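Participant: If you scroll down you'll find the structure; I have some questions about it.
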Amino acid sequence: MSLRTYYNILYVDVSDVLRPPGLDVLILLVAALGSALVTIQPVTSPVVATRIALDPTLFAAALFLAVRGSAGMAYLIQSGIVNVYLTYPIGKVPLAVLLIISRVFVPSLIVLAAPLVILTLLLSSVMLKGPEKALGLYLGFFFQASLYGLLFLLFALRSRSQSTSGLLSVSAYFAYVALALILQAIGRSIDNELVRKVGDAMYLPEMVYSSYMRGGVETWQILFVPTIVVFLFVLIVWYFSRRFEVV
Amino acid sequence: MGTVLEVSNVRKVYGTTVAVDNVTLKVHDGELVGLLGPNGAGKSTLIKISLGLLRRDKGTVILNGYDPYEDSRARRGVGVIFERPMLPDSLTIIDLLDRASRIYGTSREEVRRAVKYTGLEPHLYKTFTELSAGLKQRAAIAHALLSRPRLIVADEPTSNLDPIERGRLLELIDTLNSDEKISFIVSSHVIPEISRVAKRVVVMNRGRIILEGDVSEVVMKTSVARIRASDVKALEKILSLSGYDVRVEGINLIVKLKGVEQQAELLRLLADISASGTRILSMDFAGAGLEEVLRSG
């Protein structure tokens, strides 16, 4: 099957995920919020500026992924549109990959890039001091958002219900954040370095930020979130291609 | 004549429910097969298994020479129309059809032909959700035509349409089959619809094929007589004793008949009964309903 086929299926599904209103409004909000937060603080480092702008954006991205990615996927299943996709002469594995790209990766990239672009335009003198570091941190946020998005997508495929997948997704987001904080707190209180480091590693942007600013971050901590992302990616592709059944 | 679809001994179980049980079915090039059965008979499940959308527990399916569950090449040249037509609604109809033609690797000429065939010209710049039920089904057909189909599978395509749209849709299916030589599987639980377009009919009930053959053999040969009489109970008793399959439905007596000979025989018997004092108030013959066909299977 040609790349043209893949591209056009991706185009159709991305059009659905990014259809207005929704993404456009969100982008305006996060871009405005990110740039406002940065400009009211005396920032001189591109890494600090990126972090200030993207920390709140990640929350907005997670909500967007829960609504458009996860609940949107459940709608595709409920409405029968996924049946139409499945009748195209394309294998289930590539279709699963395309759905992950359109429902998780593309929105994550776009939502997180919006404040970064505005930031680069507003504070070019700061951002151009270390664009590779800003990009590295951006990738950290991207992987973190992808982790949430993939988890949410799995809920959608399992539950097939918009409301259930939406609720599960938002709950899972807060549960994940809470678990990271609990592990950090337990690690500190019982003085267990490993537990604390696992808690830290659950938030990749912090690991990337620390490695640029303070050091002392171990390689496995950087790889922790990307490894979960790869695991969830493979799990979804396997589930969609071998276990998922249309209604 | 080549075979487009060959289903052999297919079985599908959901939990403890057997949805499709040991079904074997062949569809040849240019053939229009009607799949008849009540709700829950297993028609949609069989269709989805045939397209590779559902995993089967047993049996083989060969579509266009490939197993559709394992090899996506099986679905090349196969168009699908679902019961509840649904297409992505983020693009206008013309944009969506244009994208679909690129997905199928067909030309823009195919888009123009599909639009012309389905009469969608005035609605090209609407989104799918802005269309009426009939137009949605037409858009789904246009979408199916873009695959340059050798086979179109239509799962209860008329179920959400009003009688006028139903007629138009069946006419379109008939035209595509006779003019373009496209093979069709059309499922329905409405006998007159299937009789109107199909040459061969397969009757399913509880996951099994219970009857199969030419429409004239399977559907047309069974008919019913609806009789009103002064004493329906007495008439029921006499006809039952004479070997007829009868049942009382309200104030009517329904008699199931096989063939014209049995109609003539019944008329003679009724004349005798009438002469002996039971008044026959009215009588008419009608084509068999799904229930009669299922009972004859």
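The values are calculated or read from the model by the stated rules, or taken from the named source; none is laboratory data. Computed from a predicted structure; not experimentally measured. Note that we place each Cβ from the backbone using ideal geometry, even for glycine, and neighbour counts take in every protein chain shown.
Participant: Starting from segment B:29-46, take each residue that is in the same structural domain as B:Ile185 (by TED's automatic domain parsing) and list its partners that are among the β-branched types (Val, Ile, Thr) and in a loop (DSSP other than H, G, I, E, B), counting only C-beta distances under 9 angstrom and pairs at least six apart or across chains.
Facilitator: Here the result reads B:Gly30/B:Ile182; B:Leu32/B:Ile182; B:Leu36/B:Val190, each pair linking segment B:29-46 to a residue that is among the β-branched types (Val, Ile, Thr) and in a loop (DSSP other than H, G, I, E, B).
Participant: If we only count helices (runs of 4 or more DSSP H) wholly inside segment B:48-147, which ones have 2 or more residues that are more than 11 Å from chain A (Cβ to nearest Cβ) and at pLDDT below 90?
Facilitator: The qualifying helices (runs of 4 or more DSSP H) are B:108-118, B:133-145.
Participant: Of B:Glu171, B:Glu193, B:Glu165, which residue is part of a helix (DSSP H, G or I) and closer than 25 Å to B:Ala19 by Cα? First the steps, then the outcome.
Facilitator: Values: B:Glu171 fails: closer than 25 Å to B:Ala19 by Cα; B:Glu165 fails: closer than 25 Å to B:Ala19 by Cα.
Going through B:Glu171, B:Glu193, B:Glu165 in turn, the sole match is B:Glu193.
Participant: Can you spot a residue in segment B:66-83 that is within 17 Å of the chain's Cα centre (by Cα), assigned by TED's automatic domain parsing to the domain that holds B:Ser147, touching a residue at least 24 places away in the same chain (Cβ under 8 Å) and surrounded by fewer than 18 Cβ atoms within 10 Å (Cβ to Cβ)?
Facilitator: Quick first cut of segment B:66-83, residues within 17 Å of the chain's Cα centre (by Cα) only: B:79-83.
Okay, now just the ones that are also assigned by TED's automatic domain parsing to the domain that holds B:Ser147, so B:79-83.
Pick out the ones that are also touching a residue at least 24 places away in the same chain (Cβ under 8 Å) and you get B:79-83.
If we keep only those that are surrounded by fewer than 18 Cβ atoms within 10 Å (Cβ to Cβ) as well, we get none.
No, because not a single residue in segment B:66-83 is within 17 Å of the chain's Cα centre (by Cα), assigned by TED's automatic domain parsing to the domain that holds B:Ser147, touching a residue at least 24 places away in the same chain (Cβ under 8 Å) and surrounded by fewer than 18 Cβ atoms within 10 Å (Cβ to Cβ).
Participant: Evaluate the following for B:Leu32: is it within 21 Å of the chain's Cα centre (by Cα), of a type outside the set (Lys, Arg), within 24 Å of B:Ile141 (Cβ to Cβ) and within 12 Å of chain A (Cβ to nearest Cβ)?
Facilitator: Here the answer is no, as B:Leu32 does not meet what is asked.
Participant: Which pairs do you get when a residue that is of a type in the set (Asp, Glu), found in segment B:1-17, comes within reach of a residue that is surrounded by 14 or more Cβ atoms within 10 Å (Cβ to Cβ), reach meaning Cβ atoms under 6 angstrom, with the pair 6+ apart or on two chains?
Facilitator: Sorted first by the residue in segment B:1-17, then by its partner, the pairs are B:Glu6/B:Lys26; B:Glu6/B:Ile62.
Participant: Name the residues in segment B:110-123 that are surrounded by fewer than 17 Cβ atoms within 10 Å (Cβ to Cβ) and touching a helix residue (DSSP H, G or I) at 6+ places or on another chain (Cβ under 9 Å), would you?
Facilitator: Start the filter on segment B:110-123 by keeping residues that are surrounded by fewer than 17 Cβ atoms within 10 Å (Cβ to Cβ), which leaves B:112, B:116, B:119, B:121-122.
Those that are surrounded by fewer than 17 Cβ atoms within 10 Å (Cβ to Cβ) and touching a helix residue (DSSP H, G or I) at 6+ places or on another chain (Cβ under 9 Å): B:Gly119, B:Glu121.
Participant: Let me ask something additional. Starting from residues that are charged (D, E, K, R) and over 19 Å from the mean Cα position of the chain (by Cα), keep the ones in segment A:173-213 and report whichever is farthest from A:Ala53 (Cα to Cα).
Facilitator: Filtering segment A:173-213 for residues that are charged (D, E, K, R) and over 19 Å from the mean Cα position of the chain (by Cα), the one farthest from A:Ala53 (Cα to Cα) comes out as A:Asp191.
Participant: Moving on to the next point. Scanning segment A:77-92 for residues that are in contact (Cβ under 8 Å) with a residue 40 or more places away in the chain and over 18 Å from B:Ser101 (Cα atoms), which turns out nearest to the other protein chains (Cβ to nearest Cβ)?
Facilitator: Here the answer is A:Gly80.
Participant: May I pose another question? Could you list, in sequence order, the residues of segment A:79-111 that are modelled with pLDDT of 90 or more, among the polar types (S, T, N, Q) and surrounded by fewer than 21 Cβ atoms within 10 Å (Cβ to Cβ)?
Facilitator: A:Asn83
Participant: State whether one or more residues within segment A:195-211 are assigned to a loop (DSSP other than H, G, I, E, B) and surrounded by 15 or more Cβ atoms within 10 Å (Cβ to Cβ).
Facilitator: yes
Participant: Test of understanding: among A:Leu154, A:Leu119, A:Leu167, A:Leu137, which residue is surrounded by fewer than 24 Cβ atoms within 10 Å (Cβ to Cβ), more than 30 Å from B:Ser50 (Cα to Cα) and more than 14 Å from chain B (Cβ to nearest Cβ)?
Facilitator: On inspection, the qualifying residue turns out to be A:Leu167.
Participant: Another question about this same structure. Need pairs with beta-carbon distance below 9 Å; first residue facing chain B (nearest Cβ under 7 Å) and within segment A:5-17, second β-branched (Val, Ile, Thr); sequence gap 6+ or separate chains.
Facilitator: Within 9 Å, the pairs are A:Thr5/A:Ile90; A:Thr5/B:Ile103; A:Asn8/B:Ile103; A:Ile9/A:Ile90; A:Ile9/B:Ile103; A:Val12/B:Ile103; A:Asp16/A:Ile81.
Participant: Would you list the helices (runs of 4 or more DSSP H) that sit entirely within segment A:74-125 and hold 1 or more residues that are more than 22 Å from the chain's Cα centre (by Cα) and within 18 Å of A:Ser241 (Cβ to Cβ)?
Facilitator: Correct list: A:81-87, A:92-100.
Participant: Would segment B:125-146 turn up any residue that is surrounded by 14 or more Cβ atoms within 10 Å (Cβ to Cβ) and closer than 18 Å to B:Val33 by Cβ?
Facilitator: Yes; the residues of segment B:125-146 include at least one that is surrounded by 14 or more Cβ atoms within 10 Å (Cβ to Cβ) and closer than 18 Å to B:Val33 by Cβ.
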